[in-house]
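Structure, as structure tokens:
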Amino acid sequence: MKTELDVDKAKEHIEKAEHDFKVLKFNEEQGYHDWAVNIGFYVIYHCFLAIASKFGYESGNQTCTISLVEWLKEEGKIDLDSKFIKMFRYGGDAEKGDVNKVIEMREKYTYGVKISVDVTKMEELMKNCREMMDVTKGIVYD
């Protein structure tokens, strides 16, 4: 939904992403990897919401938010590596390493019974979260 540009709201989403990242690290360190994946999803999603707010959009739907970020990238309004959008799109095979599909990982570990996550997948998720937060700050504070 188109709204007024809201940099303050964008900054609040960044703060939420940073808060969630601390919780992600804590859960990962404590061995709660399944929930760490879930939190990692929301770290990146709050970054997407921050970008949306910066450009005057509000969304309560993940699919719409992802499409909006993709559109902003295609229009040249943001400089964002396509891998972040791909992480939120269904398809490919996360287990074979096509792309770290955080959306599929989140569903697997939220609704499934596995609690341990491959260490390299956790490291990649945390790296992607940090990178996405940095990119988002560059977009919002620009």
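Summary of computed values
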| item | result |
| --- | --- |
| Length released on extending from Tyr141 to Gln30, taking residue separation times 0.36 nm less the Cα-Cα span | 36.6 nm |
| Cα centroid of the range 23-60 to Cα centroid of the range 70-91, whole Å | 16 Å |
| Most to least packed among 103-110, 5-12 [average Cβ atoms within 10 Å] | 103-110, 5-12 |
| Ascending count of other beta-carbon atoms within 10 Å, so fewest first, for Ile51, Ile115, Ile85, Ile14 | Ile115, Ile85, Ile14, Ile51 |
| When each of Lys83/Lys121; Lys86/Lys121; Lys11/Lys77; Lys73/Lys114; Lys16/Lys114; Lys22/Lys137 is checked by Cα-Cα distance, pairs over 24 Å | Lys73/Lys114; Lys16/Lys114 |
| Tilt relative to the chain, helix 33-54 - C-alpha long axis, 0 to 90 degrees, to 10 | 10 degrees |
| Cα-based helix-to-principal-axis angle, 62-74 vs the chain, degrees rounded to 10 | 60 degrees |
| Per-residue Cβ neighbour rank within 10 angstrom, fewest leading, Lys77, Lys121 | Lys77, Lys121 |
| Modelled FRET efficiency - R0 30 Å, Asp118 with Trp71, Cβ distances, 0.05 increments | 0.40 |
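Only the coordinates and a few stated rules stand behind these numbers; no lab work does. Note that this is a predicted model, so its numbers are computed, not measured. Glycine gets a Cβ as well: all are built from the backbone with ideal geometry, and neighbour counts include every protein chain shown.
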